[in-house]
Amino acid sequence: MITFLQLVINGLALGAAYALVALGFVFIVNATGAVNFAHGDLVMAGGYAAVGLGSLAQIPAVYFLPLVAVIMFVLGVALALLAYFPLINRPPSTVFISTLLCGIILQNAFVVLFGPQAHAAPPLLKSGVAHFGEIEISVQAIGTMVVAAILIASQYLLFTRTQIGRRLRATAEDRQMAQAVGIPAFALIAATFGLGTALAGIAGALLANQFFVYPTGGIPLSVYAYIAVVIGGWGSIAGAVIGAMIISLFQVVVSAYVSYAAATGLLYVTLLLIFVVRPQGIFGERVQRRA
Amino acid sequence: MKNSALSTSWRDGRQWRYGSAVMLGLSLVALSSGLARSADAYLPIVMPITGFLSVEGGSQRNGAVMALEHAPGGKTIDYPVFDTGTSATGAATALDKALSNGKPIAAAVSVFGTEMVAMMPVAAEYKVPLLTISGLAKITESDNPYIFRFLPNDREIKVAHARYVVEKLKKTKIALISDTTAYGQGGFALLKEDFTKLGVKPVYEDSSIAPDTKDMSPLLAKVKASGADAIVVHSVAAPMALIVKQAKAAGITLPIINSSSIVEPTATALFEPAELKDVCAETPSAPETRATPKIKEWADAYKTRFGLEPDGLALGQYDGVMMALTLIAKGAKTPEDLRAALQKETYEGVAMTYKSNGKGDLSHDAEIVCWDGTSRIPKVVEHYAGPDMVLK
């Protein structure tokens, strides 16, 4: 039982980081309807930013995490200017391809700037393990869960309780109509890319301590983010979080009882079942159209 | 008419510019051909410079370049670098391009077994020796006379790996783990075979670790539950580093005996020295230990040249290329001369003595290194050579 609880907690800790990745992804989906397949590479960019800042400052990551978010915000706006706005009136698949290409450019930039090898970023606060009876949780995992909880709550409040959040949702639903009623849609879309990328960057900085950062490490994260959003319901914040948790629990808890390969297979079988039983995802609305 | 004149003038200008560009291009081609011709030999480097094996490919490229920069006998060598990526088709295409680009006497080629299998027919077609450090056993077991390997093959080095665990550490309850790459799967099968020959049946086996697996806690929970007294890992660097790091974080004190990927300085840089306590690995050589004056001199020169600590891959490739260059300096003028000389000559390299077994395997030494928890530089604890690396 203790082992099971330990694995569940480890799964939730990993899921918290995946949830941040998925949230950044869904943030951009919500505001633009665009699938950003450079998202995993932006997670790695955040990890590399933490590696760089950590080696310069030699301090725990909590002190420079806001700076990572700012750097990533700027990168996200740049991505919007480069890969989204020039193609805004083209079919969605064009943006899909353009973000995919930006991801490849980022991967090669990582190789040039940091080399092909893996790097580890400094811990959020410190290394080590906290004991709760027989359960052990790394300080980094606790920090990751706390940061993720704060950011998830903030994002929920932003979308549901603020004027800017309502404007973002209006822009996502119908950009032309939003512009017609005076909403600065283009500025909001750019800001959304920035915020979504900042979330990805923070996830990268948190993951890069325990799980390292390397040039091609973002590829599976893009896939996980996409799957999380599909499982949870296209565009649903709560769904993205639940979807991310389901993925991590399969990876950590289910794989403790069957092999990794079997756990991965079971995850995809579950995904297929969700497609059949509830194609709109757990929290999705039936009227929404999947990209 | 005026327009026509203007148009003609513009066309003339354009033609002049095109003509100039063509002339410039031809001049550059002639100049580069001239440079190529002015070298005494053409020995291209065809390796994975980008992709998931770029760390390993970078090391072997550095080793080859270091040898080519110091060719004996005052010879000058033309050695363009061709990137194979990490695909079989990329490797075969890159080698074909490299070999058709001049008159090669040999080529220094990929560490990646999958790529080697694809490049072997190209070497046979051009009749050019390939100098490699790929461990995949079958590349020297398929009667291709142009393959020369300067690291022990996996079949031999896994014997050293298994013997150290069973005979020196006296461990009999083994947890045997590998990743899902071809390298991981091949090593897993060989280790399982060797443990069986040594009378040990692993108490836990898992060869399903995907290279992008992040959380190893389920794996480690299963290892703990199995009652294992040692963890044996054969994997590429990233999952192996995560297994070791997370085992230490979880307070698992079992010895972990790894394949050589963890010996690379870029991998050990991911750890605090204390995290490497009771961690060991097999490796063809460990130049970073600077165990002999000859290796120390080479390792220091490597670090000066590339700003990096060397590893066994770099040294193996250096010795291989340097052996070929020495034979060229002694009179090998054609690929066939070189192939015959590589097959019969003995060469005293920096890491070891190289002598072909008749199949193109020239390296038959392996070392086991361990970390004591105070430094990222390991210590050599056991040396295996020749018959030590064969199990009946």
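The values are calculated or read from the model by the stated rules, or taken from the named source; none is laboratory data. Model, not experiment: these values are computed from the prediction. Every residue, glycine as well, gets a Cβ built from its backbone with ideal geometry; the counts of neighbours run over all protein chains shown. Heads up: the accessible areas ignore ligands, DNA and RNA and are worked out on the full protein's heavy atoms, side chains in. Shrake-Rupley method; radii C 1.70, N 1.55, O 1.52, S 1.80 Å.
Laid out as a table, the results:
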quantity	calculated
Any hit, segment B:241-249, residues being assigned to a helix (DSSP H, G or I), open to solvent by 20 Å² or more (accessible area, probe 1.4 Å), out of contact with any helix residue (DSSP H, G or I) (no Cβ under 7 Å at 6 or more places or on another chain) and not assigned by TED's automatic domain parsing to the domain that holds B:Asn62	yes
All positions within segment B:140-162 that are surrounded by fewer than 23 Cβ atoms within 10 Å (Cβ to Cβ) and part of a helix (DSSP H, G or I)	B:Arg155
Number of positions in segment A:209-247 that are touching a His at 6+ places or on another chain (Cβ under 7 Å), part of a helix (DSSP H, G or I) and either of a type outside the set (A, V, I, L, M, F, W, C) or farther than 24 Å from A:Phe96 by Cβ (or both)	1
Pair list, Cβ under 9 Å, 6 or more apart: segment A:58-74 residue part of a loop (DSSP other than H, G, I, E, B), other residue open to solvent by 70 Å² or more (accessible area, probe 1.4 Å)	A:Pro60/A:Leu125; A:Pro60/A:Lys126
In segment B:201-219, the residues that are open to solvent by 10 Å² or more (accessible area, probe 1.4 Å) and either more than 9 Å from chain A (Cβ to nearest Cβ) or out of contact with any helix residue (DSSP H, G or I) (no Cβ under 7 Å at 6 or more places or on another chain) (or both)	B:Lys201, B:Pro202, B:Val203, B:Tyr204, B:Glu205, B:Pro211
Whichever residue in segment A:105-120 is free of Cβ contacts under 8 Å to residues at least 12 places away in the same chain and part of a helix (DSSP H, G or I) and, among such residues, is nearest to the other protein chains (Cβ to nearest Cβ)	A:Val112
Every residue from segment A:153-174 that is in contact (Cβ under 8 Å) with a residue 12 or more places away in the chain, under 21 Å from the mean Cα position of the chain (by Cα) and open to solvent by less than 40 Å² (accessible area, probe 1.4 Å)	A:Gln155, A:Phe159, A:Leu168, A:Ala172
Residues of segment B:181-192 satisfying the condition of being open to solvent by 20 Å² or more (accessible area, probe 1.4 Å) and touching a residue at least 24 places away in the same chain (Cβ under 8 Å)	B:Thr181, B:Ala182, B:Tyr183, B:Gly186, B:Phe188, B:Leu190
Failed item in (1) open to solvent by 10 Å² or more (accessible area, probe 1.4 Å); (2) within 14 Å of another protein chain (Cβ to nearest Cβ), with B:Met322 passing the rest	(2)
Candidates B:Ala247, B:Ala267, B:Ala237, filtered to the one that is at pLDDT below 95, over 30 Å from B:Lys355 (Cα atoms) and within 12 Å of chain A (Cβ to nearest Cβ)	B:Ala267
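Conditions (1) modelled with pLDDT of 90 or more; (2) within 14 Å of chain B (Cβ to nearest Cβ), marked per residue:
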position	(1), (2)
A:Leu75	yes, no
A:Arg90	no, no
A:Thr94	no, no
A:His131	no, yes
A:Ser138	no, yes
A:Ile150	yes, no
A:Ala153	yes, no
A:Arg167	no, no
A:Gln179	no, no
